[in-house]
Amino acid sequence: TIACQLVFQVNGANIAPSSSCTFTIDFNIPDNVPTGTYTNTTSELVGTIGGQTVTATAATDDLEILAVPRLSKAFLNDPVAPGSTVNLEFTISYDAFATGNATGVALTDDLNAVIPGLAAVGLPLTDICGTGSSISGTTNLTFTGGTMAPGEVCTFTVPVQVPAGASPGSYTNTTSSLSATVGGQATTYSPATDDLDIG
């Protein structure tokens, strides 16, 4: 079950004979909602026709929650000194209860936005999350082409050079959202964040 409640009401609507009224409500689904099918049913529709109160059958439909790849990241060996190298690890996991592969898994990570001149070394890396996947770039990383089967976890590490003139402190690094195609649907997962500590 989903431990949340969404309630809305429609009041005062007027509809002419042989016409219809359509409206859309957007809502966010929390990241931790289990995959599966969830049935949503309205109350009966109540209205007045010719001075008489009438009711219509409730409407119902199923909401299908897809399993999507999830992203986390961590600077492994910080705190580090200015001018040294820190290892940045990315982990992408895919729910074992998912139906079908996730394809086109992709993300970006702007290192230069953390500290100007913060740059990856030793890239590109290829075939790290399925054949044809790769991560490339220096101050702006791009991961593309990931393919994952249900239950698969993909972890890869990028060496990152800290500029020699970097000031001591804690610097937050946040990726883009993780995108993928699951069950023919384009999906996203929340960005991953970790702090780089420079001593």
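Odds and ends about this structure:
- Residue within the stretch 154-166 that is touching a residue at least 12 places away in the same chain (Cβ under 8 Å), open to solvent by 50 Å² or more (accessible area, probe 1.4 Å) and closer than 17 Å to Leu71 by Cβ present: yes
- Residue match in the stretch 93-105 (condition: touching a Lys or Arg at 6+ places or on another chain (Cβ under 6 Å), open to solvent by 30 Å² or more (accessible area, probe 1.4 Å), assigned to a strand (DSSP E or B) and within 26 Å of Met148 (Cα to Cα)): yes
- Any hit, the stretch 64-79, residues being open to solvent by 60 Å² or more (accessible area, probe 1.4 Å), farther than 27 Å from Ile135 by Cα and either in a strand (DSSP E or B) or aliphatic (A, V, I, L, M) (or both): yes
- Candidates are the residues of the stretch 185-199 that are of a type outside the set (Val, Ile, Thr) and open to solvent by 70 Å² or more (accessible area, probe 1.4 Å); the one that is modelled with the highest pLDDT is Ala186.
The values are calculated or read from the model by the stated rules, or taken from the named source; none is laboratory data. What you are looking at is a predicted structure, and each value in this text was computed from that prediction instead of being measured. When we count neighbours, we look across all protein chains shown, and the Cβ atoms used for this are built from the backbone with ideal geometry, even at glycine. Ligands, DNA and RNA are stripped out before the accessible areas are found, and what is left, the full protein with its side chains, is counted by its heavy atoms. Shrake-Rupley method; radii C 1.70, N 1.55, O 1.52, S 1.80 Å.
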